[in-house]
1. Using a Förster radius of 25 Å, what is the FRET efficiency between residue 40 and residue 111 based on their Cβ-Cβ separation? Nearest 0.05, please.
2. Take each of the peptides 112-118, 12-18, average the number of other beta-carbon atoms within 10 Å over its residues, and list them starting from the highest.
3. What does the charge count around residue 116 come to, taking other residues whose C-beta lies under 14 Å from its C-beta (Lys +1, Arg +1, Asp -1, Glu -1)?
4. Got a sec? Charge dipole of the chain, +1 on Cβ for Lys and Arg, -1 for Asp and Glu; which of 143, 117, 87 is way out at the positive end?
5. Given a Förster distance of 30 angstrom, what is the FRET efficiency for residue 95 paired with residue 18, based on the Cβ-Cβ distance and rounded to 0.05?
6. In a Gaussian network model over the chain where Cα atoms closer than 10 Å are linked, find which of 145, 95, 62 has the largest mean-square fluctuation.
7. Which residue, 34, 88, 50, tops the fluctuation ranking in a GNM of the chain built on C-alpha contacts under 10 Å?
8. Using the Karplus equation 6.51 cos²θ - 1.76 cosθ + 1.60 (θ = phi - 60°), what ³J(HN,Hα) coupling, rounded to whole Hz, does each residue of region 40-53 give in order, writing x for Gly and Pro?
Amino acid sequence: MIAWVALTFGIALGSAIIPLISIELFVLGLATQQTGMTCWLVGAAVAAGQVIGKLLYFYAARGDLHLPKFLQRKKKERDPDKPKSRWQRWMEWVRDRCHRHPHWMFGTHAVSSVVGLPPFMATSVLAGFSGMSTTLFVTTSTVGRFARFSLLAASPAMFAGWIA
């Protein structure tokens, strides 16, 4: 059972860093095949892996983690006479709102960590932009992810009980 917990943690960590990996599908498959694992244990392993992985995005958005050169945006000299693109104006608006209302990020990030909408990766980055404290980020993410994946791991058993 320890091997399954370690594998679950590793898959969760990988899915937090590389969004193409679906931890939801893994948890559902695990819950249907490994009936001896409790949903609480699965939820804890996934929450730990997800939060540690998203901390990379959080720290990078906050500016505490410097990205390798190949991941950094090339700085271009901007022509002051040329108007900003719609994307640039939108990003400035989002950055401004995040800095003016950092307490909004608590609620948005809490909902995102449980429901997944808005996307958890996006709110992790925005939490870093807004200056959310690391303690608040980790606490909110851990509680939300634990609730989400504990319920998801328990869901196959719930549906099997309804059908039978």
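Computed from the coordinates by the stated procedures, all read-outs in this text should not be read as laboratory data. What you see is a predicted model, and the numbers here were worked out from it, not measured in a lab. When we count neighbours, we look across all protein chains shown, and the Cβ atoms used for this are built from the backbone with ideal geometry, even at glycine.
1. On the way: r = 22 Å, r/R0 = 0.88.
Between residue 40 and residue 111 the formula returns 0.70.
2. Values: 112-118: 16.3, 12-18: 18.7.
Output ranking for 112-118, 12-18: 12-18, 112-118.
3. On the way: positive: 54, 145, 148; negative: 24.
The answer is +2.
4. Final value for the positive-end residue is 87.
5. On the way: r = 25 Å, r/R0 = 0.85.
Calculated transfer efficiency: 0.75.
6. With Cα springs under 10 Å in the chain, the top fluctuation among 145, 95, 62 is at 95.
7. 88
8. For region 40-53, the Karplus curve yields 5, 5, 5, x, 5, 5, 5, 4, 4, x, 5, 5, 4, x Hz.
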